[in-house]
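Enquirer: Please read through the structure below; I'll follow up with questions.
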Amino acid sequence: MKLIFLGPPGAGKGTLAVKAVEILNVPQISTGSIFRSAIAAQSPLGLKVKAIIDAGKLVDDETTIELVKERLTQDDVKNGFILDGFPRTIPQAQALETFSTIDKVINFDIPDSGVLERLGGRRVCRMCGFNFHAIFNKPSKEDVCDHCGGEVYIRDDDKPEAVQKRLEVYREQTAPLIDFYREKGLLLDIDASPMVDEIAVSFKKALGL
Ligand code: AMP
């Protein structure tokens, strides 16, 4: 199954994706994680995008589209994939149509207050990218990932100034994708306010699983 996870930053797309990968047995493709790995490796891509991402802005369409286009040529996506954080603009969605089909778009519906609560406490593993929360889902040992032992840290773009920018960018550039995909009959809305196990139930129900 080929899915897009669409929603504001902090809606829980990455957290549900970890469960959805197990349910559907397809890989999660997170453009944000790919960019963060490139930044950690100080690759040319990483050096190019670091300041943009830290400021909460979007990487340019051309760079992002090329990255996803290349990723979708790899063998592990034969049976499908979950696109987490792509597309984020109408031009990205239009480009995607030229190199892949999509079965469904899961729209994570959550008010701004929920987003702020999640982003305010979000902690991420620097190595495997697993998401924790300072109150709701702490790592067993402070700042150490339960899954891989990596360092758990606060993303630079989860700091308050960047969060405001990301929400603004979401409203202006990404939210129009809701109507774009609704008009194509691909959109499935799920209530993203509850805890992840409950969201996973809605997710399976929405897909008829
Ligand atoms: P995420 O981990 O999905 O929240 O993404 C983190 C950051 O990576 C975003 O705030 C953007 O700066 C950048 N990014 C991720 N996906 C995209 C995309 N599809 N288009 C442009 N920038 C992106």
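Just so it is clear, none of the values below were taken in a lab; they were calculated from the coordinates. Not measured: the values here are computed from a predicted model. Every residue, glycine among them, receives a Cβ derived from its backbone with ideal geometry; neighbour counts consider all protein chains shown.
Enquirer: Going down the list Lys2/Lys184; Lys48/Lys78; Lys13/Lys165; Lys13/Lys205; Lys19/Lys184; Lys69/Lys205, which pairs span over 23 Å between their C-alpha atoms? Write down the numbers at each step before the final one.
Expert: Details: Lys2/Lys184 15 Å; Lys48/Lys78 30 Å; Lys13/Lys165 19 Å; Lys13/Lys205 17 Å; Lys19/Lys184 26 Å; Lys69/Lys205 30 Å.
From Lys2/Lys184; Lys48/Lys78; Lys13/Lys165; Lys13/Lys205; Lys19/Lys184; Lys69/Lys205, over 23 Å: Lys48/Lys78; Lys19/Lys184; Lys69/Lys205.
Enquirer: Below 8 Å between Cα atoms, with a sequence gap of 6+, how large is the relative contact order for the chain in percent?
Expert: Numbers: 303 pairs, mean separation 63.1, N = 209.
Rounded, it is 30 percent for the chain.
Enquirer: Test of understanding: what is the full-extension gain from Asp189 to Lys165, defined as 0.36 nm times their sequence separation minus their Cα-Cα distance? Numbers along the way, then the final one.
Expert: Details: separation 24, 0.36 × 24 = 8.64 nm, distance 2.44 nm.
This chain segment gains 6.2 nm when fully extended.
Enquirer: Report, to one decimal in Å, the Kirkwood hydrodynamic radius for the chain based on all distinct Cα pairs.
Expert: Details: mean 1/r = 0.0575 Å⁻¹.
Evaluated on the chain, it is 17.4 Å.
Enquirer: Choose one of Ile154, Gly120, Ile190: the residue whose Cα lies farthest towards the positive end of the charge dipole of the chain (beta-carbon charges +1 Lys, Arg; -1 Asp, Glu; about the Cα centre).
Expert: Toward the positive end, the furthest listed residue is Ile154.
Enquirer: Say R0 is 22 Å: what FRET efficiency, to the nearest 0.05, do Asp103 and Asp76 get from their beta-carbon distance? Please report the intermediate quantities before stating the final value.
Expert: Values: r = 17 Å, r/R0 = 0.78.
Approximately 0.80, to the nearest 0.05.
Enquirer: A further question on this structure: Mean-square fluctuation check for the chain, GNM, Cα pairs under 10 Å: which of Phe86, Phe180, Phe35 is largest?
Expert: Ranking Phe86, Phe180, Phe35 by mean-square fluctuation puts Phe180 first.
Enquirer: Test of the criteria: in the range 137-209, which GluC sites (Glu not before Pro) are in a DSSP loop and have at most 10 other Cβ atoms within 10 angstrom of their Cβ? Provide the component values of the computation, followed by the final result.
Expert: Working: sites: Glu142, Glu151, Glu161, Glu168, Glu172, Glu183, Glu198; in loops: Glu142.
Counting only loop positions with at most 10 other Cβ atoms within 10 Å, the GluC sites (Glu not before Pro) in the range 137-209 are Glu142.
Enquirer: OK, next. Full-extension gain between Arg126 and Asn25, please, as 0.36 nm times their residue separation minus the C-alpha to C-alpha distance. Please list the in-between numbers first.
Expert: On the way: separation 101, 0.36 × 101 = 36.36 nm, distance 2.39 nm.
Here the answer is 34.0 nm.
Enquirer: Another question about this same structure. Assuming R0 = 22 Å, what is the FRET efficiency of His133 and Arg182, from their Cβ-Cβ distance, to the nearest 0.05? Provide the component values of the computation, followed by the final result.
Expert: Values: r = 30 Å, r/R0 = 1.37.
Calculated value: 0.15.
Enquirer: Only Lys, Arg, Asp and Glu count, each charged at its Cβ (+1, +1, -1, -1), so figure out the dipole size of the range 96-176 about its Cα centre, rounded to 20 debye. Kindly include the intermediate steps, with their values, before the conclusion.
Expert: On the way: 12 positive and 15 negative charges, 39 e Å.
The dipole of the range 96-176 has a size of about 180 debye.
Enquirer: What shape does the range 166-209 take by its C-alpha gyration tensor, where a ≥ b ≥ c are the square roots of the eigenvalues and a/c under 1.5 counts as rounded, a/b above b/c as prolate, and the rest as oblate?
Expert: Values: a/c = 4.54, a/b = 1.40, b/c = 3.24.
Oblate shape, in that a/c is at least 1.5 and b/c is the bigger or equal ratio.
Enquirer: Taking the Cα centre of the chain as origin, work out the dipole magnitude from +1 charges on Lys and Arg Cβ and -1 charges on Asp and Glu Cβ, in debye rounded to 20. Display every interim value, and only then the final one.
Expert: Details: 27 positive and 31 negative charges, 46 e Å.
Dipole of the chain, to the nearest 20 debye: 220 debye.
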